[in-house]
Amino acid sequence: MLIIFLSIHLAVCLLQVYLTQGLSFAGISSNLIAWNLFSLFPESGIWAFIKVFIFCSPVTMIWLSLSCFIFFRNEQSLGKRAWISLIPSCAYIIILISSIVRYPSLYETFLPKYLAMKVFKSSFYISPQLLDNIGVFLVLLSLYLSVSGLGLRRIKIGVAFCCLASIIILANMKMPRKSLPSNGTNLLILAADSLRYDRSENSLIMPQLHKLKNDSNSIIFHDHHVGVPRTFPSWTEILEGQYAAKTGIRHTFPGMTIRRHKKMGLAGYLMSHGFLTSVAGDYAGDIFPRFRGGFQNIEAPKLDIPNLIKLGVVQSFPLFYPFINTKLGISIFPEILENPNFADAKFLTQQSISRLEQVKNQKFFHTSFFSTAHFPYAAPWPWYSRFSDIGYEGPFFFQKNPKLSSLSRIGENDINQVRSLYDGAVASIDYSIGEIIDWLKANQLYDSTMIVVTADHGEDLYEENRRMGHGEHLKGENVLKVPLIIKAPKGIKVKTNEIFFNTRSIDIMPTVLSLMERPIPNNNGIDLSPWIIGKAGADPKLVAYSETGIWFSNKGNAFFQKQRLQYPGISGLLNIDPGHSGDMIINPKFESVVVTAKHRSIIYDQYKLIYTPTHKGPLFHLYDRRNDPENKVNIANAFPKKLQFMKDLLLEQIDQIETKYHVIDDFVVAM
């Protein structure tokens, strides 16, 4: 009998693998990626398949066993036994439907449009928790019927018993445990990928953040900018107080030699002063295992070839998703956290609180980095429909996954839906921020903890024909301008709750250390604490330098594709880092080309200058941010003196941060 069960389970597994070859991941087939790379690390794919087979075998066996026991161990008519033996199947189908409603982006590839629309519209009325309750009830009823027969009286007793058992099993009452506050000031960074400043100002989207803003010890920075609107280089700027050009990490795929540079970052500095340092992130947090930066404990997925193979294999089993996408499943298959369609802030919140529970009686620095607001904006239920129009007819019901090879035109209804998906994703992160802050308060740690809320970059959402995404250009305010809120510990007397002058990501580290009364290492950023505590008042007139990341594609008709120096697309740029277990890096021969091709900008006072190298020569665009925040009108020709002043300022900034470069006829050429 066991051999029969295992044979059926194997057949179910192989059928799923066969039917999921077109599964989409980041615009292309993830299974195709996995199987094409299989020969490089075959042990990764084989081990992933074996783990899925073993982990999910009880699901198939329980389903078959309950159905067989109910059918064969009773003496009712054949018709009655056949119908009642379908109860286990109904339980499984309802649990599967619950998973589809909760994480529809994971299943969208398999759903015809009319079914996707049904799921989308039903999400406004149906709760996955209700479906879970029904599923658990039917499972318990199946267990009861499999051992007690099918008499009517027994069925009635079974229904009553299962109702009571379901209530007990699904009750999840958890009382917060109080602790003694730790000695000294703790530091907590709560960061969201792709979070725009304007969304942080909307109390309907981010009510929990607004509660934090209203704290008398909170400081809101209204004109805060990132240096590189890509995750990896932006985080190095936040943690090191240095521009990316100084750290050497200027794109998503730096080599191991660059990643091992010996700069002491914020986490490493606090660790050397007795702090327990940790970071937790979902799929965009895959940078942290590649760049420890002084974190003693890292809970984040890893981006490398073996992990991509494992992810592709695990994604080949959609019928088992309801069980893989659980706390136990994630612990066994951590690679699924690399899937952008599974960026559920709830799991990251649980990870973060679990870590804080471990270190709450000691000095700690913890970072939580939420990825849900990064495209494809695939938030789980109920967030994906929180701001959507129930009358929307597709195709972007649950996510907007951009095609990497081209950027297609979409209609106004689609644009509104994409923005609604993004807002729902942001709202899910805001809810998690509130949960973590509530935990701090319940454990008497809120007053002694400095809380920093910020983002690695913002996001374009089809404003002024700038398409969607980040990192490809520097126009407008939505990509470079991000929120920064610092809630100081109770002992600090905050005199200024709002700062309106220009600040930068590189200023976070020195400011935080100063407020914690720690010495500040040398870096590019400045300490903003004098303006916070009232010892300085005048605008320091900071210069914010920014540059683009790499272009993942060399195709498309977007304006930034027409105004750039060409180099291969991502598949032609990447190599496998030799000797480092499948890490992906930029081919070293393209490093100088990638840096030379970067668009660069500076923001000074109310003006913004964008430098764009092209094959026909460099272009300089000057904008008045105060009167033209969308950067529609280039005023370079109208204000030649201001243009020259900004060009000189740009070259001055480049001279301070670049290590090897030449300026040739206004071209900034990396060496």
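I'd like the residue in region 366-383 that is assigned to a loop (DSSP other than H, G, I, E, B) and in contact with a Leu (Cβ under 6 Å, 6 or more places away or on another chain) and, out of all such residues, is farthest from ARG102 (Cα to Cα). So that I can check it myself, show each step before the final result.
Going through region 366-383, the residues assigned to a loop (DSSP other than H, G, I, E, B) turn out to be 371-382.
Remaining after also requiring in contact with a Leu (Cβ under 6 Å, 6 or more places away or on another chain): 373, 377.
Working: ALA373: 17, TYR377: 14 Å.
The selected residue is ALA373.
Keeping to region 422-454, report how many residues are under 30 Å from SER571 (Cα atoms) and touching a Ser or Thr at 6+ places or on another chain (Cβ under 7 Å). Reasoning before the result, please.
Going through region 422-454, the residues under 30 Å from SER571 (Cα atoms) turn out to be 422, 425.
Cutting the leftovers down to touching a Ser or Thr at 6+ places or on another chain (Cβ under 7 Å) gives us 425.
Residues flagged as under 30 Å from SER571 (Cα atoms) and touching a Ser or Thr at 6+ places or on another chain (Cβ under 7 Å) within region 422-454 amount to 1.
Consider ARG564 carefully, then state whether it is open to solvent by 60 Å² or more (accessible area, probe 1.4 Å), out of contact with any strand residue (DSSP E or B) (no Cβ under 6 Å at 6 or more places or on another chain) and not hydroxyl-bearing (Ser, Thr, Tyr).
On the way: open to solvent by 60 Å² or more (accessible area, probe 1.4 Å): no; out of contact with any strand residue (DSSP E or B) (no Cβ under 6 Å at 6 or more places or on another chain): yes; not hydroxyl-bearing (Ser, Thr, Tyr): yes.
No.
State which residue is most open to solvent (accessible area, probe 1.4 Å) when the search covers only region 272-303 and only residues that are in contact (Cβ under 8 Å) with a residue 24 or more places away in the chain and polar (S, T, N, Q).
Checking each candidate, the answer is GLN296.
Which is closer than 24 Å to ILE54 by Cα, β-branched (Val, Ile, Thr), open to solvent by 10 Å² or more (accessible area, probe 1.4 Å) and touching a residue at least 24 places away in the same chain (Cβ under 8 Å), of ILE332, ILE353, ILE324?
Within the list ILE332, ILE353, ILE324, the selection yields ILE332.
Any idea which of ILE415, ILE433 is in a helix (DSSP H, G or I) and closer than 29 Å to LYS363 by Cα?
Values: ILE415 fails: closer than 29 Å to LYS363 by Cα.
Among ILE415, ILE433, only ILE433 is in a helix (DSSP H, G or I) and closer than 29 Å to LYS363 by Cα.
Looking at region 511-557, which of its residues are under 28 Å from the mean Cα position of the chain (by Cα), assigned to a helix (DSSP H, G or I) and buried (at least 23 other Cβ atoms within 10 Å of the Cβ)?
Those that are under 28 Å from the mean Cα position of the chain (by Cα), assigned to a helix (DSSP H, G or I) and buried (at least 23 other Cβ atoms within 10 Å of the Cβ): THR511, VAL512.
Quick one: in region 96-110, of everything that is open to solvent by less than 40 Å² (accessible area, probe 1.4 Å) and of a type in the set (A, V, I, L, M), which residue is nearest to ILE4 (Cα to Cα)?
Step one: of region 96-110, the residues open to solvent by less than 40 Å² (accessible area, probe 1.4 Å) are 96, 98-101, 103-108.
Restricting the remaining residues to those that are of a type in the set (A, V, I, L, M) gives 96, 100-101, 106.
Values: LEU96: 24, ILE100: 29, VAL101: 33, LEU106: 30 Å.
Per the criteria, the residue is LEU96.
For ARG199, which of the numbered conditions (1) at pLDDT 95 or above; (2) open to solvent by 60 Å² or more (accessible area, probe 1.4 Å); (3) basic (Lys, Arg) fails to hold?
With respect to (1) at pLDDT 95 or above; (2) open to solvent by 60 Å² or more (accessible area, probe 1.4 Å); (3) basic (Lys, Arg), ARG199 is out only on (2).
Specify which of the listed residues (VAL479, VAL426, VAL418, VAL453) is farther than 26 Å from ILE508 by Cβ, among the β-branched types (Val, Ile, Thr) and buried (at least 19 other Cβ atoms within 10 Å of the Cβ). Write out each step before concluding.
Numbers: VAL479 fails: farther than 26 Å from ILE508 by Cβ; VAL426 fails: farther than 26 Å from ILE508 by Cβ; VAL453 fails: farther than 26 Å from ILE508 by Cβ.
Going through VAL479, VAL426, VAL418, VAL453 in turn, the sole match is VAL418.
Search region 657-671 for residues being in a loop (DSSP other than H, G, I, E, B) and in contact (Cβ under 8 Å) with a residue 40 or more places away in the chain, and hand back the single one that is least open to solvent (accessible area, probe 1.4 Å).
At the first step, the residues of region 657-671 found to be in a loop (DSSP other than H, G, I, E, B) are 658-660, 665-666, 671.
So of that shortlist, the ones also in contact (Cβ under 8 Å) with a residue 40 or more places away in the chain come out as 658-659, 665-666, 671.
Values: GLU658: 22, THR659: 113, ASP665: 134, ASP666: 67, MET671: 125 Å².
By that ranking, first place goes to GLU658.
Being at pLDDT below 55 and touching a Leu at 6+ places or on another chain (Cβ under 7 Å) is the requirement here; does PRO181 meet it? Please lay out each step first, then the result.
On the way: at pLDDT below 55: yes; touching a Leu at 6+ places or on another chain (Cβ under 7 Å): yes.
So PRO181 fits the description; yes.
Of the residues that sit in region 68-88 and are open to solvent by less than 60 Å² (accessible area, probe 1.4 Å) and under 15 Å from LEU140 (Cβ atoms), which one is nearest to the chain's Cα centre (by Cα)?
Only one residue fits best here, namely PRO88.
Tell me the strands (runs of 3 or more DSSP E) entirely within region 569-646 that contain at least 2 residues that are at pLDDT below 95.
Details: elements: 574-576, 584-586, 600-604, 607-612, 619-624.
Filter on region 569-646 gives 574-576, 584-586.
The values are calculated or read from the model by the stated rules, or taken from the named source; none is laboratory data. In this text, all values refer to a predicted model and were calculated from it rather than measured experimentally. We place every Cβ from the backbone using ideal geometry, glycine too, and count neighbours over all the protein chains shown. Quick note on the areas: whole protein, heavy atoms, side chains included, nothing else; ligands and nucleic acids left out. Shrake-Rupley method; radii C 1.70, N 1.55, O 1.52, S 1.80 Å.
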